[in-house]
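Structure record follows, encoded as structure tokens.
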Amino acid sequence: MNKLFSTALAFFFVCANLFVSSIFAQSGETPQLGKSPIKDVIAAMTLEEKAKFVVGNGLHMRGLPMANVGQTEDKVSGAAGTTFAIPRLGIPSIVVSDGPAGVRIDSVRKDGSRTYYATAWPVGTLLASSWDTSLVKNVGEAFGSEIHDYGIDIILGPAMNIHRNPLGGRNFEYLSEDPLVSGEISAALVKGIQSNGVGTSIKHFVANNQETDRMSVNTIVSERALREIYLRGFEIAVKEAKPWTVMSSYNYLNVQYTSENYDLLTTILRKEWNFGGFVMTDWFGGKDPVAQQKAGNNLLMPGTPAQSKAILDAVKSGALDEKILDQNIEGILNIMLKSPTFKKYAYSEHPNLKKDAEISRQAAAESMILLKNNSSVLPMANKIHSIALFGYRGYELIAGGTGSGDVNKAYKISLAQGLKNAGYQLTDAAAFYSDYLTTEKAKQPKKNFIEEFMNPTPPIPEYAATNDFIARNASAADIAIITIGRNAGEGRDRKLVGDYFLSDSEKDLIKNVTNAFHGQNKKVIVVLNIGGVIDVSSWKDSPDAILLAWQPGLEGGNAIADVLSGKVNPSGKLATTFPSAYEDDPSSKNFPGKEFPEKATTGNFGMKLIPAEVVYGEGIYVGYRYFNTFHVQPAYEFGYGMSYTNFDYSNLQLSSSSFNKQITATVTIKNAGKVPGKEVVQLYISAPAQKLDKPAEELKGFAKTKLLKPGESQTISFTITPEKLASFDTNATAWIAEAGSYSVKIGASSKDIKLTKAFSLASDLVVEKVHKVLSPTVEINELKPSK
């Protein structure tokens, strides 16, 4: 009966659609988007309009000439781009804007009558370190309100590529080395942002894990590693949060540009994952506009006249079926119907920046990671009044990274200001570093965004503090804080010397300050204001405490002071591993790959494009999957982070000892300490590895407790589904859970496992059969553990 009713209802809607279409045809009225069926609107477009509609309006940026595709409208000054409008069909131009850490638009406009600042949120790596989807969703809701208030339709983020290597230049934008953390945190952010009626563009799809040769590198990766590590996070975000758009990446993937890859953009994204939005290129990504259209890359951004012409000519010659073009247009129009611009939303351009700054501060503080705390030096005791703050980054906060992930913000709170706001006094080191910064900044050339992007200004060197300077401050202060800063961004990866490794002056500063203060029985704290992993093994034994603040947004100094003072109990955990040595990371052997300079060409704006390739020889053994499986001891493991209190884990229960459809795992967490706190509870699974090699354990669930009072307990529940047991079998082209014994491990980190229980799976379980796609054209000698 229900099937008969559904069939009749479907037939009714088909007839109604045909009736409406015939009315418009008979009346001679021009179809209008939102009032007419989308297919009628598309049918009413000229071929020239169609070819322009799937290509953006060009790039308008200070320091660069405008590249127009028929229109020059700059709806939101400083936005990344707009789409082509067709007013006669009721099709507006929608606005897309960077970026992942806050709305990136011009803060000052032509009339100069007011400013247009936005909140610089904690960077992606810091938000992921919260392991708190509720907190991240709350950030997304506030972030989305600013997007809405500034007249933007789609924000170009979140960025969710995997932390494959510590030197990745945009790791600060990305979230984690683990696809589950990346996927769930991204999904929470997307849900929060899109609750405001604006869209997101999750990026960069896929295997865009380096900046070196990013527009010309061929990423060679096995289908198993691709599906288990690099695609998995995107899959979670697509299925759970339904982002409006996906951004294809710059790189080749197994010899084909991702933006020209039908298997990636259509077979996997749309057919397997049921993605219902549209795909846009990264800016100037790919090479062949016709191939991009055939692949299902709906929108080419920022757009050039040559791209529109190529598409137009291809349709006329028969090289591109007009039905494919129509299908890509339909995908864009379906999303456009949801947009604030189409709904004629009267945006205020006055977001509540004060409220959002408080949200940013709270999110940053609750996400920071306490790496070391000898003798409970933190939180700073009430008897601490005077602080000697060493390192110029204590006076010049790095709120976020560079490039499209930067934000034009009204201010940023340094650690020095944050400590003062918290009631602490600073020694005369503050005046010295202030003068030092003024002098060094005056030496730096003035550059616009593009000039800085093309030729970054070297960072200010750390001041080589003399022993007399340190001794004077040791006598005047109750405690020392040393700030180490690192920044990176779009267009280039980090270096080992002077970046991953501390400079000689930084190492000397830590050593000499520690010696001087310990000589007077005073403590030393190091604060890391960094965007990516750095070496800690060479110096971490010296200070008494280490706080990893990452890049905490515009309220960073206040947030750091909140944690140091004990106003906020740190509850962040590492979402990426800190290796003991760079060479311990398996990707160090082939990052960033091999270049072929003899084949170099010239790309956009005269940029040199050097063909390159990188082989993901580590396969699925990325991050902790490698360190745990191959028994390599890191400096700080994935999932690690300390608190000002202690937690007891008890009463792990499984709903069954044998798997049938699903199993529920519950565990009780008790605050066994003296102050309120939150704990991140991590569920890992060790799977049978008789038929396929497997990591020693893989994260399959996580949850953060509420703020537990001393003595208070909370029971956490996890649902283990077949998908959480399965690995990708390339030969079977399927996700398969292997028969045998599975261990459920509840831990405070990937190495600190508190409780373990086992269950069995009676026979192999085929969880999902998929298409065989994206296989590399060359054999990869992937890393495998010994049996």
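The values are calculated or read from the model by the stated rules, or taken from the named source; none is laboratory data. In this text the structure is predicted, and so the values were computed from the model without any measurement. Note that we place each Cβ from the backbone using ideal geometry, even for glycine, and neighbour counts take in every protein chain shown. For accessibility, only protein heavy atoms count, side chains too; no ligands or nucleic acids. Shrake-Rupley method; radii C 1.70, N 1.55, O 1.52, S 1.80 Å.
Within region 352-402, the residues that satisfy the criterion of being of a type in the set (G, A, S) and open to solvent by 10 Å² or more (accessible area, probe 1.4 Å) are S375, S376, A381, S386, G400. Do the conditions hold for T267, that is, is it within 25 Å of I620 (Cα to Cα) and touching a His at 6+ places or on another chain (Cβ under 7 Å)? Judged against the criteria, T267 is a match. Look at region 691-710: where a residue is hydrophobic (A, V, I, L, M, F, W, C) and a partner is part of a loop (DSSP other than H, G, I, E, B) and open to solvent by less than 20 Å² (accessible area, probe 1.4 Å), sitting 6+ places away or on another chain with Cβ atoms under 7 Å, you get L692/E738; L699/D178; F702/W131.
Looking across region 238-249 at every residue that is assigned to a loop (DSSP other than H, G, I, E, B) and either in contact with a Phe, Trp or Tyr (Cβ under 6 Å, 6 or more places away or on another chain) or open to solvent by less than 10 Å² (accessible area, probe 1.4 Å) (or both), the one that is nearest to L156 (Cα to Cα) is identified as P243. Tallying residues that are surrounded by 13 or more Cβ atoms within 10 Å (Cβ to Cβ), farther than 28 Å from T266 by Cα and charged (D, E, K, R) within region 764-787 yields 1. The set of residues in region 176-195 being open to solvent by 10 Å² or more (accessible area, probe 1.4 Å) and either in contact with a Phe, Trp or Tyr (Cβ under 9 Å, 6 or more places away or on another chain) or under 19 Å from Y500 (Cα atoms) (or both) consists of L180, E184, L189, Q194. Those residues that are open to solvent by 10 Å² or more (accessible area, probe 1.4 Å), in contact with a strand residue (DSSP E or B) (Cβ under 7 Å, 6 or more places away or on another chain) and closer than 14 Å to E506 by Cβ, I need them from region 528-552; list them, please. Selection gives K540 alone.
Could you list, in sequence order, the residues of region 90-120 that are buried (at least 24 other Cβ atoms within 10 Å of the Cβ) and among the basic types (K, R)? Hit for region 90-120 is R104, nothing else. Of all residue pairs spaced 6 or more apart or on separate chains, those with beta-carbon atoms under 6 Å, a first member in region 431-450 that is closer than 15 Å to P461 by Cβ and a second member that is among the hydrophobic types (A, V, I, L, M, F, W, C) and surrounded by 10 or more Cβ atoms within 10 Å (Cβ to Cβ) are E440/I460. Residue count for region 730-763, restricted to those that are of a type in the set (S, T, Y), in a loop (DSSP other than H, G, I, E, B) and open to solvent by 50 Å² or more (accessible area, probe 1.4 Å): 1. If you go through region 420-479 and keep only what is more than 30 Å from F605 (Cβ to Cβ), among the β-branched types (V, I, T) and in contact with a helix residue (DSSP H, G or I) (Cβ under 7 Å, 6 or more places away or on another chain), you end up with T427, I470.
Within region 84-116, the set of residues being assigned to a helix (DSSP H, G or I) and either modelled with pLDDT under 95 or under 23 Å from A187 (Cβ atoms) (or both) is empty. Residue count for region 250-277, restricted to those that are in a strand (DSSP E or B) and open to solvent by 30 Å² or more (accessible area, probe 1.4 Å): 2. Quick one: is K772 assigned to a loop (DSSP other than H, G, I, E, B), touching a residue at least 24 places away in the same chain (Cβ under 8 Å) and not aromatic (F, W, Y)? Yes; evaluated as a whole, the condition is true for this residue.
Figure legend. Inter-residue proximity from region 564-584: first residues closer than 23 Å to E173 by Cβ and without any contact (Cβ under 8 Å) to a residue 12 or more places away in the chain, second residues of a type outside the set (V, I, T) and not in a loop (DSSP other than H, G, I, E, B), beta-carbon distance below 8 Å, spacing 6+ or different chains. No pairs are indicated. Does I359 count as among the hydrophobic types (A, V, I, L, M, F, W, C) and more than 30 Å from G532 (Cβ to Cβ)? It is false that I359 is among the hydrophobic types (A, V, I, L, M, F, W, C) and more than 30 Å from G532 (Cβ to Cβ).
Reported count of residues in region 705-728, each being open to solvent by less than 30 Å² (accessible area, probe 1.4 Å), within 25 Å of Y230 (Cα to Cα) and assigned to a strand (DSSP E or B), is 4. The residue list F718, F659, F702 contains one member that is of a type outside the set (S, T, N, Q) and touching a Gly at 6+ places or on another chain (Cβ under 6 Å), which is F718.
Note on region 121-139: residues that are within 17 Å of E555 (Cβ to Cβ), touching a helix residue (DSSP H, G or I) at 6+ places or on another chain (Cβ under 7 Å) and buried (at least 24 other Cβ atoms within 10 Å of the Cβ) total 8. The set of residues in region 455-490 being touching a residue at least 60 places away in the same chain (Cβ under 8 Å), open to solvent by 30 Å² or more (accessible area, probe 1.4 Å) and either among the hydrophobic types (A, V, I, L, M, F, W, C) or within 24 Å of H204 (Cα to Cα) (or both) consists of A476, N487.
Restricting to region 278-295, give me the number of residues that are open to solvent by less than 30 Å² (accessible area, probe 1.4 Å) and either assigned to a strand (DSSP E or B) or without any contact (Cβ under 8 Å) to a residue 60 or more places away in the chain (or both). The total comes to 9. None of T200, T119, T125 is assigned to a helix (DSSP H, G or I) and touching a Phe, Trp or Tyr at 6+ places or on another chain (Cβ under 8 Å) except T125.
Looking at region 318-351, which of its residues are of a type in the set (D, E, K, R) and either in contact with a helix residue (DSSP H, G or I) (Cβ under 8 Å, 6 or more places away or on another chain) or in a loop (DSSP other than H, G, I, E, B) (or both)?
Selection gives D321, E322, D326, E330, K338, K343, K344, E349.
Of everything in region 209-237 that is basic (K, R) and part of a helix (DSSP H, G or I), the residue that is most open to solvent (accessible area, probe 1.4 Å) is R232. Scanning region 553-604 for residues that are among the charged types (D, E, K, R), closer than 30 Å to S750 by Cβ and surrounded by 16 or more Cβ atoms within 10 Å (Cβ to Cβ) turns up D562, K573, D584, D585. Filter region 653-685 down to residues that are assigned to a strand (DSSP E or B) and surrounded by fewer than 19 Cβ atoms within 10 Å (Cβ to Cβ) and give me whichever is farthest from the chain's Cα centre (by Cα). Residue satisfying both the conditions and the ranking: S658.
To keep it simple, each residue is scored yes or no on (1) open to solvent by 10 Å² or more (accessible area, probe 1.4 Å); (2) without any contact (Cβ under 8 Å) to a residue 24 or more places away in the chain; (3) in contact with a helix residue (DSSP H, G or I) (Cβ under 6 Å, 6 or more places away or on another chain).
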site: R492; (1), (2), (3): yes, no, no
site: D504; (1), (2), (3): yes, yes, no
site: K507; (1), (2), (3): yes, no, no
site: I510; (1), (2), (3): no, no, no
site: V513; (1), (2), (3): no, no, yes
site: V524; (1), (2), (3): no, no, yes
